[in-house]
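Okay, structure first, notes after.
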Amino acid sequence: MADNVTASTEILINHTPYETRVALLGDGVLQDIFVERERKRGIVGNIYKGKVQRVLPGMDAAFIDIGLERAGFLHVKNVVRRGDKPPTRISEVMREGQSLLVQVLKDPIGSKGARLTMEISIPSRFLVYLPTAEDIGISAKISSEEQRQSLREAVAGFHEGKQGGFIVRTAIESAGLWAMRADMQYLQRVWENILCQQRHSRPGTLIYGELPLYQKVLRDYVTPEVRRIVVDHPDAYKQMRAFADNFLGNMAASLELYDGDRSLFERYGIEEEIALALKRHVALKSGGYLIIDQTEAMTTIDVNTGAFVGKLSQDDTIYKTNLEAARAIARQLRLRNLGGIIMLDFIDMNTPEHQQGVMDALLDALAGDRSKYTISPLSPLGIIEMTRKRTRESLRQVMCEPCPACQGRGYVKTIETIAYELFRDLMREARDFKPKMMTIVAALDLIDFIREEESLTFSDLQALLKIPIRLQVDAGYRYGQYDIALG
């Protein structure tokens, strides 16, 4: 998650039994969007009892069976051996069939399995527990050296004689030492439970799972600078309320249950913003635009002046377009969760002052991005090469799939995405028109997906709306196309 929390931040949470979506707004503008689907929940942070499937001496790595479709990848630099120096060769510590405890660093992406580590870390509200380490670290965002030293001494005092290390998170600034100690005790109980389960579980078993997205947001995002947290599902609200009462203190008062006539994301224009974030073309207010192309190898972002005409000169027009584009690019990187190699092709500028101004604007806009990135100087051709750490799939990878009609050269929404949009449309139609019956007319692929993969959700939806809903296949409808008839 990107760290874009400001004094005017609002967090909106749209939760259903099959999908959770979180929108982060700054000054009323969408800054970040997160999507978690129950059928495809991310596994970053999960801890598994794994088994070494294959050792690769040439790569100093091993493939680890953690019970998923694809084996995970563990490099020697992520191997921990207590009491010894870190191993330099994978063959020193790994053998096929060996059992070990591993944690997921990166979700499986495309054809790649999960990236794993033996350096376990377990986060809570104020601390991160490192059971395989011994040192105490303090968040770099706590700038006061006096406060850093005081926190380090407090942690050392509470933890004296016990195993493991800690990282103190920024959120501790809004709490007291009693909260930190409670967190420490909680994390130690979690670790003891993990060790117990490890002893009694078979390889390939999930030992510890991360929190669901709507609770993870409370743990990682809520600071005194957050003005409101709004959730639209009563059950999620109750769980979040209990979490907030235990861990957030006075900040629990910022949590609200939304029950408006319009859906939460429609009310704040988030649905439209998500649709725009899936498009290749991004319009700028000045009349210029960005073209964003994602491939497996890299992402390219091209800046164009479009209809923008500056009042002074062509150089002035180009400079102003590039400045606006730099700010828009930083936002798009977060919204789309773009990672890997990214090439930014700005419009050529003739003066060094303009070139430096655009670079400064881009760096300023990227300052709130928690994902690690590297960035090269602007080349004479107006190109900036950057890398951005990718820990989960991009928004397009989550919500779209290669188009069957064009053999993968373009993208269409997945049948899952379309089905969930249909469910939201059904709830809106039922609320607005109160029909006695509804009929879904759609292509066979969508009807089959609802019947075979989402039958329970579909049944629950009918019970919730108290309206019978018929499914009707129409051979004339294209992939994902549907209509709702009211009766």
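The values are calculated or read from the model by the stated rules, or taken from the named source; none is laboratory data. Every value quoted in this text rests on a predicted model; they were computed, and no experiment measured them. As a convention, Cβ positions derive from the backbone with ideal geometry for all residues, glycine included, and neighbour counts pool all protein chains shown. Calculation scope for accessible area: heavy atoms of the full protein, side chains included, ligands and nucleic acids excluded. Shrake-Rupley method; radii C 1.70, N 1.55, O 1.52, S 1.80 Å.
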Out of (1) at pLDDT below 90; (2) under 20 Å from the mean Cα position of the chain (by Cα); (3) basic (Lys, Arg), the one residue 85 does not meet is (2)
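Restricting attention to the range 110-154, which residues are polar (S, T, N, Q) and touching a strand residue (DSSP E or B) at 6+ places or on another chain (Cβ under 9 Å)?
Answer for the range 110-154, where residues must be polar (S, T, N, Q) and touching a strand residue (DSSP E or B) at 6+ places or on another chain (Cβ under 9 Å): 117, 121, 132, 139, 147, 149.
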Filtering the range 30-88 down to residues that are open to solvent by less than 40 Å² (accessible area, probe 1.4 Å) and free of Cβ contacts under 8 Å to residues at least 24 places away in the same chain yields 76, 87
Near pairs, Cβ below 7 angstrom, 6+ apart or cross-chain, from the range 456-472 (in contact (Cβ under 8 Å) with a residue 40 or more places away in the chain) to any residue that is open to solvent by less than 40 Å² (accessible area, probe 1.4 Å): 457/18; 469/426; 469/438; 469/440
Could you list, in sequence order, the residues of the range 64-86 that are closer than 23 Å to residue 164 by Cβ, touching an Asp or Glu at 6+ places or on another chain (Cβ under 9 Å) and assigned to a loop (DSSP other than H, G, I, E, B)? 79, 80, 81
Quick one: how many residues across the range 226-274 are under 22 Å from residue 125 (Cβ atoms), in contact with a Phe, Trp or Tyr (Cβ under 6 Å, 6 or more places away or on another chain) and either open to solvent by 40 Å² or more (accessible area, probe 1.4 Å) or acidic (Asp, Glu) (or both)? 1
Taking the range 90-110, which residues are open to solvent by 50 Å² or more (accessible area, probe 1.4 Å) and either more than 31 Å from the chain's Cα centre (by Cα) or at pLDDT below 90 (or both)? 91, 92, 95, 96, 110
Yes or no: the range 281-304 includes at least one residue that is surrounded by fewer than 18 Cβ atoms within 10 Å (Cβ to Cβ), touching an Asp or Glu at 6+ places or on another chain (Cβ under 9 Å) and assigned by the TED database to the domain that holds residue 29. no
Evaluate the following for residue 451: is it open to solvent by 60 Å² or more (accessible area, probe 1.4 Å), assigned to a helix (DSSP H, G or I) and touching a Lys or Arg at 6+ places or on another chain (Cβ under 9 Å)? no
Filter the range 171-212 down to the residues that are open to solvent by less than 50 Å² (accessible area, probe 1.4 Å), of a type in the set (S, T, N, Q) and under 22 Å from residue 137 (Cβ atoms) and list them by number. 188
